[in-house]
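*Asks:* I'd like to ask you about the structure that follows.
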Amino acid sequence: MGVVNVTPDSFSEAGRFREPAAAIAHARSLIADGADMLDIGGESTRPGADPVGVEEELARVLPVIEAIRGENGVSISIDTMKPQVARAAIAAGASMWNDVTALGYSPESLPLAAELGCDVVLMHMQGEPRSMQADPRYEDVAGEVAEALAARAEAAMAAGVRREAIWLDPGIGFGKHMTRHNLPLLAGLDRLVGLGFPVLLGVSRKSFISALDGGERGPRERLGGSLAGALAGAAAGVAAVRVHDVRETVQALNVWRAITDRGIAGP
Ligand code: HH2
C-alpha cells in the first residue's frame, strides 16, 4: 500500500504533494513502482498537526481519487476519521476506509461502514493524536493491542460490518513509546495476526527508526529501517504494509519471498 498524503504538514513528506496535481503524479508513480493499493489522506495525524474541516479535506482527496480510480487495477483506500469524507471518497471510487480511530471518532462511523459495505482498517491508538505521545502506558503492549482491536472488530460486526471486510492495524507510533512499546509490539505481531483478520502494518519512516539510529535521522533518511520493519511484518504474516517507498519495498519483499519460498520448497 503506497501512501499519498495530500497535506501541507504530514510528518514524512512536509507538503510535497499538497496540490492535487502533484499528488496525482505521485500516485501514478507509486502505481508504476508496484503498489497494489494507494492510501489517500487529506489530514495529517502527527501530534500537533492542524485539524482540517470536511470541505477542505474533500477538496484535497477527491480530485486524486477521481483521477486515479481504475488505473492499472489499483485499489484505493481513504485515510480519514471523518464519516462525511469516507462516504464521499467511497462514492468517488475508494473501496477501503482506513481509520486511525478504528471507527471511534464519530457515533456515525460504525453504522456508516456497515452501510457502505467497503473494507475497513481498524487501527489501534491509545489516546488522541494531539496528546497520544505524552505518556502512553501498557503492561503487555502486544496483548493489549490485540485485545483492543478484537473488541473493535466485534463492535464493527455487531453494527453490521462483514467479517471479511475487516482489517486490523497495530498503529505503530500512535500512543506508543518510541522503543519500549513499538518494538515489543512489532516483535509480538503474531498475537494480532493470530486473530484471523488481515493485518495492515505502517512502519514506514516512523520516528522510532531514528531513535534506533542515533536520534537525528529525518523522515527521508529512514529507508533502511522502514524496509527492516516491512520484512519483520512479512515474516509475521501481515497481509499488507503501508509505505512511502514503494519500489524499494517491493524489491525487498520480492527478494525475501524468493528466499523463504525456496526454504520451504527445498532446492
Ligand atoms: N500511519 C500514519 C497515517 N495513517 N494508517 C494506518 N492504518 N496505519 C498507520 O500506521 C498509519 C496510518 C502516519 O503516517 P503518514 O501518513 O506518513 O503521516 P501523516 O499522518 O502525518 O500524514
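*Asks:* Taking the residues in region 208-246 that are out of contact with any helix residue (DSSP H, G or I) (no Cβ under 6 Å at 6 or more places or on another chain) and at positive phi as candidates, determine which candidate is farthest from the ligand (Cβ to nearest atom).
*Replies:* 214
*Asks:* I'd like the residue in region 159-207 that is without any contact (Cβ under 8 Å) to a residue 40 or more places away in the chain and more than 14 Å from the ligand (Cβ to nearest atom) and, out of all such residues, is farthest from residue 139 (Cα to Cα).
*Replies:* The selected residue is 164.
*Asks:* Give the number of residues within region 155-204 that are among the polar types (S, T, N, Q) and surrounded by 17 or more Cβ atoms within 10 Å (Cβ to Cβ).
*Replies:* Number satisfying all stated conditions: 2.
*Asks:* Identify the single condition in (1) crowded, with 18+ Cβ neighbours inside 10 Å; (2) touching a residue at least 12 places away in the same chain (Cβ under 8 Å) that residue 217 does not satisfy, given that it satisfies every other one.
*Replies:* (2)
*Asks:* Which pairs do you get when a residue that is near the ligand (Cβ under 10 Å from one of its atoms), found in region 36-47, comes within reach of a residue that is of a type in the set (Gly, Ala, Ser), reach meaning Cβ atoms under 6 angstrom, with the pair 6+ apart or on two chains?
*Replies:* 39/77; 44/10
*Asks:* Restricting to region 57-70, name every residue that is among the charged types (D, E, K, R) and either at pLDDT below 95 or out of contact with any Lys or Arg (no Cβ under 9 Å at 6 or more places or on another chain) (or both).
*Replies:* 66, 69
*Asks:* For residue 13, all conditions in the list (1) touching a residue at least 40 places away in the same chain (Cβ under 8 Å); (2) within 12 Å of the ligand (Cβ to nearest atom); (3) over 30 Å from residue 254 (Cβ atoms) hold save one; what is the number of the exception?
*Replies:* In the conditions (1) touching a residue at least 40 places away in the same chain (Cβ under 8 Å); (2) within 12 Å of the ligand (Cβ to nearest atom); (3) over 30 Å from residue 254 (Cβ atoms), residue 13 misses (3) alone.
*Asks:* Identify, from the list 106, 75, 95, the residue that is surrounded by fewer than 18 Cβ atoms within 10 Å (Cβ to Cβ) and more than 16 Å from the ligand (Cβ to nearest atom).
*Replies:* Testing whether each residue is surrounded by fewer than 18 Cβ atoms within 10 Å (Cβ to Cβ) and more than 16 Å from the ligand (Cβ to nearest atom) leaves just 106.
*Asks:* Now a separate question. Tally time: how many residues in region 25-34 are closer than 14 Å to residue 66 by Cα and surrounded by 19 or more Cβ atoms within 10 Å (Cβ to Cβ)?
*Replies:* Of the residues in that region, 1 qualify.
*Asks:* Please tell me if residue 22 is within 16 Å of the ligand (Cβ to nearest atom), of a type in the set (A, V, I, L, M, F, W, C), modelled with pLDDT under 95 and more than 30 Å from residue 148 (Cα to Cα).
*Replies:* Criteria met by residue 22.
*Asks:* Which count do you get for residues in region 223-267 that are under 18 Å from the mean Cα position of the chain (by Cα) and of a type in the set (D, E, K, R)?
*Replies:* Going through region 223-267 one residue at a time, the tally reaches 4.
*Asks:* Somewhere in region 230-248, is a residue touching a His at 6+ places or on another chain (Cβ under 8 Å), at pLDDT 95 or above and either surrounded by fewer than 17 Cβ atoms within 10 Å (Cβ to Cβ) or hydroxyl-bearing (Ser, Thr, Tyr) (or both)?
*Replies:* Checked region 230-248: no residue is touching a His at 6+ places or on another chain (Cβ under 8 Å), at pLDDT 95 or above and either surrounded by fewer than 17 Cβ atoms within 10 Å (Cβ to Cβ) or hydroxyl-bearing (Ser, Thr, Tyr) (or both).
*Asks:* Quick one: would you say residue 60 is within 16 Å of the ligand (Cβ to nearest atom) and either more than 17 Å from the chain's Cα centre (by Cα) or buried (at least 16 other Cβ atoms within 10 Å of the Cβ) (or both)?
*Replies:* yes
*Asks:* Any chance you could count how many residues in region 56-84 are over 22 Å from residue 25 (Cα atoms) and either touching a residue at least 40 places away in the same chain (Cβ under 8 Å) or in contact with a helix residue (DSSP H, G or I) (Cβ under 7 Å, 6 or more places away or on another chain) (or both)?
*Replies:* 3
The values are calculated or read from the model by the stated rules, or taken from the named source; none is laboratory data. Predicted, not measured: the structure shown is a model, and the values here were computed from it. FYI the Cβ positions are ideal-geometry reconstructions off the backbone, even for glycines, and counts take in every protein chain you see.
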